[in-house]
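The values are calculated or read from the model by the stated rules, or taken from the named source; none is laboratory data. Keep in mind it's a predicted model, so treat the numbers as computed, not measured. FYI the Cβ positions are ideal-geometry reconstructions off the backbone, even for glycines, and counts take in every protein chain you see.
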Amino acid sequence: MHPLIDPEGLAAMLASGDPPTVLDVRWRMSGPPGAESYAEGHIPGAVFVDLDTALAGRPGAGGRHPLPDPERLQRTLRSAGVRSGHPVVAYDDADGSVAARAWWLLRWAGHRAVAVLDGGYAAWSAGNRPVTTTVPEPVPTGIKVTPGRMPVLDTDGAARCAREGVLLDARAPERYAGEHEPVDPRAGHIPGAVNAPFADHTGADGRWRSPAELAERFAELGVTGDAPVGAYCGSGVTACSVVLALELAGAGEWPALYAGSWSQWCRDPLREVITGTQPG
């Protein structure tokens, strides 16, 4: 399944006799809660899945949004109606990065038939397509989660990737440079990491950039296919959009996600922190 689907394609799938499972994963760091937006209106048949409680584990030593426990994720997917081999479409109402987390996590869990709605809820609503406040009651499934189907970096692996390959930092430039840090206890970036803001993956209309544009962007950042590539962000969520963008760009092998990301790295006093606009 292609990692992106446009609203027209989703509408056609929903009108078919065997529609996909649709996951509403709207979330905002500073609120309001995505569940409130879901209650006000969502794509017909969509099931709300919360990032903090379902698509991530408990905050702690592993970061603010560590990977969820596989058994817990399996219960979530089963209750949401996700079936083995059956298409899943995830959407948010921002830049696609939270939907990309759902996409990545399903891939990591062994479910490959998953796509992100290009343009998200805004693109769906802009076409005067139907929305509803009705909450569906999915039939529970028996899907099995098989973790580890996407590469993951630990802290040592992230440091090694920055030295020997290309480690992409998906945060905004001011957070990368250490000029502004609204969440984590230390500001800056991992030594050797290259800034690749996730906001640059989409255009002003919220749609993902073309494969050619993305390929050019990553080439400028040093992604040539000759060295390992990893990605991180603040807590391991928006970095998933880097992985998706690299897939769209035809980068080849899957880049590895540093799931703990900056929220894990910066809490270790033995880990060096770099400030400024250069990788260091």
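Points worth noting:
- Single condition residue 94 does not satisfy, out of (1) exposed (fewer than 15 other Cβ atoms within 10 Å of the Cβ); (2) modelled with pLDDT under 95; (3) under 23 Å from residue 119 (Cβ atoms); (4) small (Gly, Ala, Ser): (1)
- Where strands (runs of 3 or more DSSP E) sit wholly within the stretch 82-182, those with at least 2 residues that are within 25 Å of residue 27 (Cα to Cα) and assigned by TED's automatic domain parsing to the domain that holds residue 226 occupy 166-169.
- Residue satisfying all of: in the stretch 201-234; modelled with pLDDT of 95 or more and among the charged types (D, E, K, R); farthest from residue 155 (Cα to Cα) among these: 207
- For the stretch 199-214, the criterion of being closer than 24 Å to residue 56 by Cα, in contact (Cβ under 8 Å) with a residue 40 or more places away in the chain and touching a helix residue (DSSP H, G or I) at 6+ places or on another chain (Cβ under 8 Å) is met by at least one residue.
- Looking only at the stretch 38-54, and only at residues there that are touching a helix residue (DSSP H, G or I) at 6+ places or on another chain (Cβ under 9 Å) and among the aliphatic types (A, V, I, L, M), the one that is surrounded by the most Cβ atoms within 10 Å (Cβ to Cβ): 46
- Look at the stretch 3-30: where a residue is buried (at least 22 other Cβ atoms within 10 Å of the Cβ) and a partner is assigned to a helix (DSSP H, G or I) and among the β-branched types (Val, Ile, Thr), sitting 6+ places away or on another chain with Cβ atoms under 8 Å, you get 25/98; 26/98; 27/98.
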